[in-house]
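Engineer: Pasting a structure here, questions to come.
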Amino acid sequence: MRLKSKERTGRRRAFRLVGLGLILFGCFIRIMDPYPVRMSRMIYFDLLQRMSPREYTPDLPVRVVDIDEESLAKWGQWPWPRTLLAQMVQNLGENGAAAIAFDMLFVEPDRYSPARLLNDPALDGVLTVERHAQKVDYDVLFGLEAANWPVVMGTAARISQEGSNVAPKAGIIEIGEAPTSGLISVPHWTPIAPPLDRSAAGIGGVNVSPLGGTGIIRRVPVLWGGPNGPMPGLGIEALRVALDAPFILAEGSADEEGIMLAVELGDFRLPTTENGEVWVRYRHDQPDLYLSADRVMQTPGDPALRAEIEGRIILVGTSAAGLFDMHQTALGESVPGVSIHAQLLEQIFTGEMLNRSDVTAALELVSFVLLGLIVIAVMSSFGAVASFVAGGVAAAAVLGTSWLAFQNQLTLFDVTFPLLGGMANFGLLAGYLFVTTEREKREIRQVFSHYVAPEILDEMEVSGHRLQLGGETQEITVMFSDIRGFTPLSESVSATDLVALLNELFSQVGDQILHERGTIDKFIGDAVMAFWNAPLPVEDHPCRAAHSALLMRQALIRFNASDVMKGRPPIALATGCATGLACVGNIGSRSRFNYTVIGDVVNVAARIEQSCRHVEYDILVSSSVYKAARQDLAMLEAGFVDLKGKSELEAVFLLVGNTTLRTSPGFMELAAAHGDMIAAIRQRQSYVQIKKHCNLCATLATEVEPGLRPFYQAVPGRAADFRSDVQSDQIMFSHRAQANLPSA
């Protein structure tokens, strides 16, 4: 018992060590943060936003002037002459725009300027311009107009350097250990056509993702690391110009270089990632955000238009399909890039800033570890089902915490790694538990297969047979088989050799029991006890028990002829079988019990086996077995014996052979002579006459079953056994009926 407890403790310890190893491996994966882990996290954050998007507030001071399809149809294809853009700036400025930011690039001089048109070889001699207009430059006109208003020009990241470097207009004040050194780096900025670069109040980067970035836009850099110093994004630069603020405050870590914590501008504070990005809190795209450029150009004095523009930051961009400025949001919508800048400004004004810090990431890792420990602790003690329930409850708690953190604190707490990692751990541990359990089941099955036939084991597994304390009463057949002359044998060999000899003998004998679907109850020293019809029903169980006894007889002959028995006297078996009611089940204490049988039939079978010495035959069966199997097997009456503990005498029968022997002429002749012998005994003929009948039977038995000779030799001395009961006439009639003989 103590050994089994140690084995269970060892298995449980090994299981927990495997679980801890999986947790450590999961922590390593999370720290490495490979692409699948990152993507699952991002998809979950997108799901949070889709479940609870930001509400649109029309009163926020942000609008987009959209160069849409209608505007292009009215004012011509893009790019428009800079004079039209100058007129747009004038109209916006006169309507009270707080800032005008262009989410577009002005890299090259305006091709519509008269000075450029006159230098075009294709137009030489075709185009004439008045002398005073020959030197008119539309870029200069646009620049002059832009200088009158708070205009922000856009620049974009590029790999190669062309033209002059672009210097930011905003001053950057850094707090901490060089926080801007860790910003997303831009090799070069696209130049801005002069004099627009000088006349603009601000310059901002129009990119909404790093160079080469594709897919869903989830974070937007508010500061870029450029060749000439930090460059603000277009939205944050437009806010700076609208606030008329000379600088932007970059807050970094006091202990670590290159870590950005937040950007401050006026009264606004934007928590950022360590490389200067801000998570965009998306809302669904709203038509109310957009003002058509055509409306701005045609109705500059409209009071309703002024109400939309006055005091607001105006971002100028395009939604026209052919201008390729569409991006995917976390809500699954495709919107113009200028809309993303506008949404960033909106969340700055509302203060709805998504946040995610290193502390949050650490808590996610702690959640993964706790989930793993819960799974390990519960599964190692209570199994996979309880672990699944406990892990499910813990996972639901983590999921609920994540949702509440998003709803109430706008904190992005990732549950995908704790949950998926926990599920992976559960699956691997369940697999490990299954493998170890299956190995134990195989070991138990292998051990149990020595006691129960394999086909019975299969049926027990299919039917879900459960072992529990207690039993039920049913009809069974019990067999006892004992080694004759065991004491002399034990004195002639060593204890070690004796054990080896018994193991080999019982292995061969036990195989015959299992072959006939029997259950080996126990080995008792030099004896074996078995029973039939339990734990599962076995049809014709008396016949099967009798067949098993005959097979054991043949196995014993082979065993005596084997090398194990060379130089040793042959072993003989005495076998008794009886059929009757018994209580079958698990009998013992609650903590330790055996599957066995209790009942009178057990005692009868044991006493019949002991009577083999008295009868001088190796296999005896009770009248109940005889009645059930007499039509299939060769059996002969052996008289009545006095069984210890029984008040009445018990009729016993010789089990001579199988069905083939029963129908053979030799056995039929022997059965007739056997009947005559018994009739002579019951008719109280003389000893000489009885002896004569016994000798005849012994002679006939030599050809049928030589083992009967000692039985017939002993009959004259135990003639009283055949006259001892009033039922003798009935048994005699049954015997004659079996032998197809006429009754006396």
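The values are calculated or read from the model by the stated rules, or taken from the named source; none is laboratory data. No experiment lies behind these values; they were computed from the predicted model shown. Here the Cβ is made from the backbone with ideal geometry for all residues, glycine too, and neighbour counts use every protein chain on show.
Engineer: Here's a check for you: in segment 141-161, which residue that is under 25 Å from residue 311 (Cα atoms) and within 54 Å of the chain's Cα centre (by Cα) is surrounded by the fewest Cβ atoms within 10 Å (Cβ to Cβ)?
Structural biologist: Taking the candidates together, the pick is 155.
Engineer: With respect to residue 274, is the statement that it is touching a residue at least 60 places away in the same chain (Cβ under 8 Å), among the acidic types (Asp, Glu), crowded, with 19+ Cβ neighbours inside 10 Å and in contact with a strand residue (DSSP E or B) (Cβ under 8 Å, 6 or more places away or on another chain) true? Don't jump to the end; show me each part of the working.
Structural biologist: Details: touching a residue at least 60 places away in the same chain (Cβ under 8 Å): yes; among the acidic types (Asp, Glu): yes; crowded, with 19+ Cβ neighbours inside 10 Å: no; in contact with a strand residue (DSSP E or B) (Cβ under 8 Å, 6 or more places away or on another chain): yes.
The answer is no for residue 274.
Engineer: I'd like the full set of residues that are hydrophobic (A, V, I, L, M, F, W, C), exposed (fewer than 14 other Cβ atoms within 10 Å of the Cβ) and either modelled with pLDDT of 85 or more or under 30 Å from residue 270 (Cα atoms) (or both), limited to segment 356-399. Please lay out each step first, then the result.
Structural biologist: Our first condition is that a residue be hydrophobic (A, V, I, L, M, F, W, C); within segment 356-399, this holds for 359, 361-363, 365-366, 368-371, 373-379, 382, 384-386, 388-390, 393-399.
The next check asks that each one be exposed (fewer than 14 other Cβ atoms within 10 Å of the Cβ); those that pass are 359, 362, 366, 382, 385-386, 389, 393, 396-397.
Hits for segment 356-399 are 359, 362, 366, 389, 393, 396, 397.
Engineer: Which residues, counting only those in segment 231-266, are surrounded by 24 or more Cβ atoms within 10 Å (Cβ to Cβ) and farther than 26 Å from residue 282 by Cβ?
Structural biologist: Within segment 231-266, just 252 meets the criteria.
Engineer: So which helices (runs of 4 or more DSSP H) stay within segment 461-572 end to end and still have 1 or more residues that are modelled with pLDDT of 90 or more, assigned by TED's automatic domain parsing to the domain that holds residue 606 and within 47 Å of the chain's Cα centre (by Cα)? Steps first, please.
Structural biologist: Numbers: elements: 486-492, 495-515, 541-560.
In segment 461-572, 495-515, 541-560 are the helices (runs of 4 or more DSSP H) which contain 1 or more residues that are modelled with pLDDT of 90 or more, assigned by TED's automatic domain parsing to the domain that holds residue 606 and within 47 Å of the chain's Cα centre (by Cα).
Engineer: Mind counting the residues in segment 693-724 that are surrounded by 15 or more Cβ atoms within 10 Å (Cβ to Cβ), free of Cβ contacts under 8 Å to residues at least 60 places away in the same chain and of a type in the set (Lys, Arg)?
Structural biologist: 1
Engineer: Among the residues of segment 62-74, is there at least one that is crowded, with 17+ Cβ neighbours inside 10 Å, small (Gly, Ala, Ser) and under 30 Å from residue 333 (Cα atoms)?
Structural biologist: Initial filter on segment 62-74 (crowded, with 17+ Cβ neighbours inside 10 Å): 62-68, 71-72.
Next, only the ones that are small (Gly, Ala, Ser) stay: 71.
Among the residues that remain, those that are also under 30 Å from residue 333 (Cα atoms) are: 71.
Yes: one or more hits.
Engineer: Quick test for you: out of 344, 371, pick the one residue that is in the same structural domain as residue 235 (by TED's automatic domain parsing) and not charged (D, E, K, R). Walk me through it before giving the result.
Structural biologist: On the way: 371 fails: in the same structural domain as residue 235 (by TED's automatic domain parsing).
Of the residues listed, the single one that is in the same structural domain as residue 235 (by TED's automatic domain parsing) and not charged (D, E, K, R) is 344.
Engineer: Being in a helix (DSSP H, G or I), touching a strand residue (DSSP E or B) at 6+ places or on another chain (Cβ under 9 Å) and either assigned by TED's automatic domain parsing to the domain that holds residue 555 or farther than 20 Å from residue 527 by Cβ (or both), is that true of even one residue in segment 581-597? Talk me through it step by step, then tell me what you get.
Structural biologist: As a first pass, look at segment 581-597 and keep what is in a helix (DSSP H, G or I): none.
No.
Engineer: Being touching a Phe, Trp or Tyr at 6+ places or on another chain (Cβ under 6 Å), modelled with pLDDT of 95 or more, assigned to a strand (DSSP E or B) and under 11 Å from residue 577 (Cα atoms), is that true of even one residue in segment 619-639?
Structural biologist: Looking for residues that are touching a Phe, Trp or Tyr at 6+ places or on another chain (Cβ under 6 Å), modelled with pLDDT of 95 or more, assigned to a strand (DSSP E or B) and under 11 Å from residue 577 (Cα atoms), one finds at least one in segment 619-639, hence yes.
Engineer: Against the definition (in contact (Cβ under 8 Å) with a residue 60 or more places away in the chain and touching a helix residue (DSSP H, G or I) at 6+ places or on another chain (Cβ under 9 Å)), how does residue 252 come out, yes or no? Don't jump to the end; show me each part of the working.
Structural biologist: Numbers: in contact (Cβ under 8 Å) with a residue 60 or more places away in the chain: yes; touching a helix residue (DSSP H, G or I) at 6+ places or on another chain (Cβ under 9 Å): yes.
So residue 252 passes the test.
Engineer: Of all the strands (runs of 3 or more DSSP E) wholly in segment 310-406, which have at least 1 residues that are touching a residue at least 40 places away in the same chain (Cβ under 8 Å) and hydrophobic (A, V, I, L, M, F, W, C)? So that I can check it myself, show each step before the final result.
Structural biologist: Numbers: elements: 313-317, 326-328, 334-336.
Where strands (runs of 3 or more DSSP E) fall fully within segment 310-406 and carry at least 1 residues being touching a residue at least 40 places away in the same chain (Cβ under 8 Å) and hydrophobic (A, V, I, L, M, F, W, C), they are 313-317, 334-336.
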